[in-house]
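Written below as structure tokens is the structure these notes are about.
The values are calculated or read from the model by the stated rules, or taken from the named source; none is laboratory data. Predicted model, so just to flag it, every value in this text is computed and none were measured. A quick note on method: Cβ atoms are made from the backbone with ideal geometry, for glycine too, and the neighbour counts reach across all protein chains shown.
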Amino acid sequence: MDIQEKHFIRQQMKAKRKLIADRDQKTNLVTGRVLRTKAWQQSKQVGIYAAIEGEVQTEALIQAAYEQHKRVALPKIAADRSMQFLQMNKNSLMKRNRYGIEEPCDSQVLTFEAIDLLVIPGLCFAKNGDRLGYGGGYYDRYLKETKGIKMGLAFNEMMLEELPREETDIRMDLIVTDQHEYWS
Ligand SMILES: Nc1ncnc2c1ncn2[C@@H]1O[C@H](COP(=O)(O)OP(=O)(O)O)[C@@H](O)[C@H]1O
Ligand SMILES: [Mg+2]
């Protein structure tokens with residue numbers, strides 16, 4: 001069964017992720033690669049995740065987006081398990097949600113059409129663009145509606161040959177790691 005297989009892979013990969021060395025250095029490498037992609041350079045309105053421990057960190061990207069005068073939006077979840085991206089500025093207030101993820105307190109919702117690039121977290125990814133999250137399905141539900149480029153960020157250790165996929169799983173267009181870019 002796919003769902004049990006996902007559960008098993010999540011357990012394995014969470015353990016594996018804890019062992020990754022030089023995360024800050026690798027985050028810098030991912031950041032540099034992202035900044036050099038055409039997708040980033042051409043984007044005017046980016047949706048970017050606020051990272052939790054273990055994920056590729058995104059402060060530098062968020063900062064770069066402000067400096068490059070892009071419109072920046074961060075995700076915020078709701079009780080009905082939906083998610084929206086809210087437009088931010090350098091002074092926007094943030095608050096931790098129930099998963100411990102920083103999110104905007106209150107600001108303007110950016111519509112699906114407005115965002116041209118989404119920078120997406122994941123527990124692990126496959127080289128064909130498949131993504132495994134933590135099991136909430138938030139990004140799958142959100143990304144179904146978006147037309148922006150879907151860019152996943154990962155440490156190279158978190159790339160697998162393949163992942164089990166369900167009909168509702170949304171594939172990334174591009175995954176950037178500290179070593180490669182994988183286009184699907
Ligand atoms: N578009 C959708 N509509 C309804 N349910 C969805 C949708 N996308 C995902 N889900 C549900 O969300 C749950 C978690 O999805 P899953 O892919 O396992 O999590 P994640 O993507 O976070 O790893 C699953 O039960 C899945 O069926
Ligand atoms: Mg999924």
### Query
Is there any pair linking a residue in region 8-30 that is β-branched (Val, Ile, Thr) to one that is outside any loop (DSSP other than H, G, I, E, B), with Cβ under 6 Å and at least six apart or on different chains, and which?
Ile20/Glu157; Val30/Leu153; Val30/Val176
### Task
Could you tell me whether region 125-133 includes any residue that is away from ligand 1 (no atom under 14 Å from the Cβ), at negative phi and not aliphatic (A, V, I, L, M)?
yes
### Query
Where residues in region 162-183 are out of contact with any strand residue (DSSP E or B) (no Cβ under 7 Å at 6 or more places or on another chain) and polar (S, T, N, Q), which of them is nearest to Gly32 (Cα to Cα)?
Gln179
### Task
Could you check region 1-110 for strands (runs of 3 or more DSSP E) lying wholly inside it with 1 or more residues that are under 25 Å from Arg165 (Cα atoms) and either in contact with a strand residue (DSSP E or B) (Cβ under 9 Å, 6 or more places away or on another chain) or not hydroxyl-bearing (Ser, Thr, Tyr) (or both)?
45-48, 71-77, 83-88
### Query
If we keep just the residues of region 134-151 that are closer than 29 Å to Lys18 by Cα and of a type in the set (Lys, Arg), which is nearest to ligand 1 (Cβ to nearest atom)?
Arg141
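Identify the residue in region 152-162 that is surrounded by fewer than 22 Cβ atoms within 10 Å (Cβ to Cβ) and within 16 Å of ligand 2 (Cβ to nearest atom) and, among all such residues, is nearest to Glu55 (Cα to Cα).
For region 152-162, the residue satisfying everything is Leu160.
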### Summary
When (1) under 16 Å from the mean Cα position of the chain (by Cα); (2) within 12 Å of Phe125 (Cβ to Cβ) are applied to Arg141, the one that fails is (2)
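Do you know which residues across region 70-87 are among the small types (Gly, Ala, Ser) and surrounded by fewer than 21 Cβ atoms within 10 Å (Cβ to Cβ)?
Of the residues in region 70-87, the ones among the small types (Gly, Ala, Ser) are 73, 78-79, 82.
The answer is Ala78, Ala79, Ser82.
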### Task
Hey, could you check region 168-184 for residues that are within 16 Å of ligand 2 (Cβ to nearest atom) and at pLDDT 95 or above and say which is surrounded by the fewest Cβ atoms within 10 Å (Cβ to Cβ)?
Thr168
### Task
With the condition kept exactly as written, say whether any residue in region 103-120 is over 23 Å from Trp183 (Cα atoms), out of contact with any Leu (no Cβ under 7 Å at 6 or more places or on another chain), more than 11 Å from ligand 1 (Cβ to nearest atom) and among the charged types (D, E, K, R).
yes
#### Entry: Selected residue (only one of Glu67, Glu55 is farther than 19 Å from Thr111 by Cα and surrounded by fewer than 18 Cβ atoms within 10 Å (Cβ to Cβ))
Glu67
